[in-house]
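Since every read-out is calculated from the coordinates, none of them should be taken as a lab result. Owing to the predicted nature of the structure, the values given are computational and were not obtained by experimental measurement. Ideal geometry is used to build each Cβ from the backbone, glycine not excepted, and the neighbour counts take in all protein chains shown.
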């Protein structure tokens, strides 16, 4: 089996969902559903961790429905908004700006404030 990542040609999403991602100080392990920032653990459930992982491996904005399909069996966009809120709260607990940015009319993107 090849260890090379498989990327979507349309959105750049990494289909290798089991890979640990390290980006902008965050380390996201989707198998363990854990997120750390510079070694500090974030208290977060599995779905917000999968959302962060999905956005961290994407190179562009992801529509809400596409993001929801990647991380949950639910089809309710309100559920997605709640889970993103929970991810942002987990970051706020350790005083870290959340890299999940809402782009109105487009979706969500991983973006760290400069």
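A few remarks follow.
- Restricting the stretch 93-104 to residues that are in a loop (DSSP other than H, G, I, E, B) and out of contact with any helix residue (DSSP H, G or I) (no Cβ under 8 Å at 6 or more places or on another chain), the residue that is farthest from residue 46 (Cα to Cα): 104
- Single match in 73, 90, 81, 69 (criterion: under 23 Å from residue 37 (Cα atoms), out of contact with any strand residue (DSSP E or B) (no Cβ under 6 Å at 6 or more places or on another chain) and outside any strand (DSSP E or B)): 81
- Selection of the stretch 27-49 for residues being buried (at least 21 other Cβ atoms within 10 Å of the Cβ) and either more than 11 Å from the chain's Cα centre (by Cα) or under 21 Å from residue 103 (Cβ atoms) (or both) yields 28, 42, 44, 48.
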